[in-house]
Ligand SMILES: *Cc1c(COP(=O)(O)O)cnc(C)c1O
């Protein structure tokens, strides 16, 4: 068979937008979603007073499609992205895009862009971005009544340059999420608030921010776009319990992998910043970050160093097992892998 794959240098891709051929579009009007189409038009035209533009009524998801070792194209746990998007939508007074339709739209988007799914072993994946926004004009503060749901696809490489080289974090004087309990909503409104802290962190030579809880500033929460896990000296995996962090699907999967595949003890609990100096390893986790080792964390004049040289031993095992499951080298738990092609 002749490959129709696009002529892309897969292994040098960064985490950026590359236009692909098709995106999925469905519109909500008069209380219902239309049947949805694949479109070649990457532009969105909106009224100047659209709800998304005036009051940021929008949320999103992120997931990836992979080429497996035996040449299939699969997606990782899209049902959980559908569920989380439904929760984000509800909190933002937007309609639910039904789970079955969400999964169907993911499948259609990937199938329509198969030539952009990076080959097995290239280190790249096809990132999918489902999102929804209020599209009709509003000017009084109220929810829109018309919405658009879209999914686009873009091939991506590693989120942090250098792949699995340890990164540095600093504790900023900012809160991660917009206030009033919106930290568990995956939405641009929280990311908008993180843009200044991330630019500031980069200017000071750090890769990301480690946010503490806004009420007491003593507990570890997460970074701008990824959850955090730690490995204790006796090889237990611990991760922050907090109602204001985004419930990461990668984190849930890693905790399961740690327990069921690696036989490690796991714990979700409040973690004081004070105690993280006693841990052995630290890593960020998320769809984009996968599992990225944290080499050091700086809080004002305090510096905690794990290793700026390489990923910790337990983190490496977690990384290898999770990516092994995603790429089809290791048998997945039932329901984790959605085969697309
Ligand atoms: C998306 C996201 C994560 C990671 O979640 P995954 O489901 O693992 O991709 C973590 N934190 C924030 C703030 C996020 O937006």
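Any read-out appearing in this document is the output of simple, stated calculations on the displayed coordinates, not a laboratory observation. Predicted model only: the values in this text are computed from it and were never measured. Heads up, the Cβs are rebuilt from the backbone with ideal geometry, glycines too, and the neighbour counts pull from every protein chain shown.
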What FRET efficiency comes out for residue 90 versus residue 120 if R0 is 25 angstrom and r is the Cβ-Cβ distance? Round to the nearest 0.05. 0.10
Over the chain, with a Gaussian network built from C-alpha contacts below 10 Å, which listed residue (187, 283, 112) shows the highest mean-square fluctuation? 112
Give me the distance between the Cα centres of the range 106-158 and the range 256-292, rounded to whole Å. 29
Heads up, the range 283-341 by the C-alpha gyration tensor (a ≥ b ≥ c square roots of eigenvalues; a/c under 1.5 rounded, else a/b over b/c prolate, else oblate) looks prolate
Label the range 148-224 by shape, choosing from rounded, prolate and oblate, from the square roots a ≥ b ≥ c of the eigenvalues of the Cα gyration tensor; if a/c is under 1.5 it is rounded, and otherwise prolate applies when a/b is larger than b/c, oblate when it is not. oblate
Over all directions, what mean area does the Cα convex hull of the chain project, stated in square nanometres? 17.7
With an 8 Å Cα cut-off and a minimum separation of 6 or more residues, compute the relative contact order for the chain in percent. 20
Enter the Cα centre distance for the pair the range 44-80 and the range 174-198, rounded to the nearest angstrom. 18
R0 = 41 Å: FRET efficiency of residue 215 with residue 320, Cβ-based, nearest 0.05? 0.65
Mind telling me which of 79, 175, 278 comes out most flexible in a GNM of the chain, alpha-carbon contacts under 10 Å? 278
Length-normalised contact order for the range 167-326 - Cα pairs under 8 Å, 6+ apart - percent: 24
Based on the Cβ-Cβ distance from residue 262 to residue 39, what FRET efficiency comes out when R0 is 35 Å, to the nearest 0.05? 0.20
Based on the Cα coordinates of the range 167-326, what is the per residue volume of their convex hull in Å³? 104
For residue 189 and residue 12, extending 7 Å from Cα along the Cα-Cβ vector and measuring point to point gives, in nm, a value of 4.2
Mean shadow of the range 10-157, computed from the convex hull of its alpha carbons, in nm²? 8.8
